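The values are calculated or read from the model by the stated rules, or taken from the named source; none is laboratory data. Everything numeric here is computed off the predicted structure, so don't read it as measured data. Please note: Cβ atoms are built from the backbone with ideal geometry, for glycine as well, and neighbour counts cover all protein chains shown. All accessible areas refer to the heavy atoms of the entire protein, side chains included, with ligands and DNA or RNA removed. Shrake-Rupley method; radii C 1.70, N 1.55, O 1.52, S 1.80 Å.
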Amino acid sequence: ANYTFRRGRLNGIGIGTAARFESGSAIGFPYYFDANGTIAADIERPFKRSTNNRYDLWFSYRRKLFRDSIDWSLQLNLYNLLSSDELVPVRANPDGTIANFRIQQGRSWKLTSTFRF
């Protein structure tokens with residue numbers, strides 16, 4: 001969602017937010033020996049990782065400069081507001097232990113300024 005004020009004292013100021021949802025997914029399966037003695041994956045009981053929710057927020061400001069010849073904008077993005085750095089399981093071994101992780105970045109920010117002529 002994004003909203004920019006177009007008139008009044010807040011003219012040119014904008015605010016926005018975003019939510020990202022990543023559902024829990026299968027990261028591996030236990031193995032067993034079937035009736036023929038062959039090793040098979042038990043797809044009825046997958047190893048799953050938990051869900052992952054991330055929230056962002058941004059503030060912006062835009063105005064015309066030098067007799068409206070330059071459009072200047074400034075934006076501050078705040079990423080993963082309610083999160084910290086963490087290891088997220090990617091793959092599990094057949095015994096359920098985690099084989100691989102990825103690093104999920106926690107809170108961060110970015111300040112951007114642009115000029116359009």
(request) Only residues that are more than 30 Å from Q105 (Cβ to Cβ) and β-branched (V, I, T): list them for segment 27-72, please. (result) T38, I39, I43, I70
(message) Here's a check for you: in segment 19-55, which residue that is touching an Asp or Glu at 6+ places or on another chain (Cβ under 7 Å) and part of a loop (DSSP other than H, G, I, E, B) is surrounded by the fewest Cβ atoms within 10 Å (Cβ to Cβ)?
(response) T51
(message) Here are the criteria: (1) open to solvent by less than 50 Å² (accessible area, probe 1.4 Å); (2) under 26 Å from L87 (Cα atoms); (3) among the polar types (S, T, N, Q). Tell me which single one T4 does not satisfy.
(response) (2)
(request) Residues that are surrounded by 15 or more Cβ atoms within 10 Å (Cβ to Cβ): find the strands (runs of 3 or more DSSP E) completely inside segment 58-114 holding 3 or more of those. (result) 70-79, 86-92
